[in-house]
1. Considering (1) within 21 Å of ARG26 (Cα to Cα); (2) at pLDDT 95 or above; (3) not in a helix (DSSP H, G or I), say which one LEU56 fails and leave the rest.
2. Does segment 60-68 contain at least one residue that is β-branched (Val, Ile, Thr) and in a loop (DSSP other than H, G, I, E, B)?
3. For segment 8-18, indicate whether the set of residues that are part of a helix (DSSP H, G or I), at pLDDT below 95 and either under 25 Å from GLU138 (Cα atoms) or in contact with a Cys (Cβ under 8 Å, 6 or more places away or on another chain) (or both) is non-empty.
4. What do you reckon, is LEU61 modelled with pLDDT of 90 or more and under 15 Å from ASP98 (Cα atoms)?
5. Does any residue of segment 112-135 turn out to be hydrophobic (A, V, I, L, M, F, W, C), closer than 16 Å to PHE53 by Cα and loosely packed, with under 14 Cβ neighbours inside 10 Å?
6. Which residues, taken from segment 37-49, are over 20 Å from ASP117 (Cα atoms) and either modelled with pLDDT of 90 or more or under 17 Å from the mean Cα position of the chain (by Cα) (or both)?
7. Six or more apart or on different chains, Cβ atoms under 8 Å: show the pairs whose first residue is in segment 57-81 and in contact (Cβ under 8 Å) with a residue 12 or more places away in the chain and whose second is in a loop (DSSP other than H, G, I, E, B) and of a type in the set (Val, Ile, Thr).
8. Looking at segment 144-158, is at least one residue surrounded by 17 or more Cβ atoms within 10 Å (Cβ to Cβ), over 23 Å from GLN23 (Cβ atoms) and at pLDDT 95 or above?
Amino acid sequence: MEKQEKEVFQSDGLPFKEKDFYQKLRTRIREWEREKGSNHRFSEYAALAPDLFHLLVKLSLDPDVPGRHKAMLAFAGAYFISPIDIIPDFIPVAGLLDDVALAAYVLNKLINDLDPDILRRNWAGEDDILETVQRILESADEMVGKGLFGKIVKLVRSKF
């Protein structure tokens, strides 16, 4: 008799392999929180990762965002997806923190050039996006380490 493989379905009814990146990211974070609890020092920032990724994608498609900013948004979105990061994504929570810090840094650069309402209308998160970005940046040195956050800043600056 042939061995039948069972597809693993998540609580939302979708097989994990059929989920898009955003859905997989949310699933990974929820599973980590169920296993470890949400008491990790920086879990609130890791939990922002799916919404920040969503915002990067939405802004890159928004016709009100100038082309010169879309390249930076695409870079930040690609950084989320890339397995090659400053902190590898296979490290639970910590692997998302550099993605979150880079996204916040890029979004902060856009905040100064764009109407804040463009960011707000594309934001799916709960708190105000401007306050969220500021809160992440205030904790970035501690969250990923001063030397690593400096590398993130240099990486973005070297590209844009």
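The values are calculated or read from the model by the stated rules, or taken from the named source; none is laboratory data. None of these values were measured; they are calculated from a predicted model. As a convention, Cβ positions derive from the backbone with ideal geometry for all residues, glycine included, and neighbour counts pool all protein chains shown.
1. The failed condition is (3).
2. Initial filter on segment 60-68 (β-branched (Val, Ile, Thr)): 65.
The next check asks that each one be in a loop (DSSP other than H, G, I, E, B); those that pass are 65.
For segment 60-68, residues β-branched (Val, Ile, Thr) and in a loop (DSSP other than H, G, I, E, B): present.
3. Scanning segment 8-18 turns up no residue that is part of a helix (DSSP H, G or I), at pLDDT below 95 and either under 25 Å from GLU138 (Cα atoms) or in contact with a Cys (Cβ under 8 Å, 6 or more places away or on another chain) (or both).
4. Numbers: modelled with pLDDT of 90 or more: yes; under 15 Å from ASP98 (Cα atoms): no.
No.
5. Yes, that holds for at least one residue.
6. To start, the set of residues in segment 37-49 that are over 20 Å from ASP117 (Cα atoms) comprises 37-47, 49.
Once the filter is applied, which keeps residues that are over 20 Å from ASP117 (Cα atoms) and either modelled with pLDDT of 90 or more or under 17 Å from the mean Cα position of the chain (by Cα) (or both), segment 37-49 yields PHE42, SER43, GLU44, TYR45, ALA46, ALA47, ALA49.
7. Here the result reads LEU59/VAL65; LEU73/VAL65, each pair linking segment 57-81 to a residue that is in a loop (DSSP other than H, G, I, E, B) and of a type in the set (Val, Ile, Thr).
8. Among the residues of segment 144-158, not one is surrounded by 17 or more Cβ atoms within 10 Å (Cβ to Cβ), over 23 Å from GLN23 (Cβ atoms) and at pLDDT 95 or above, which makes the answer no.
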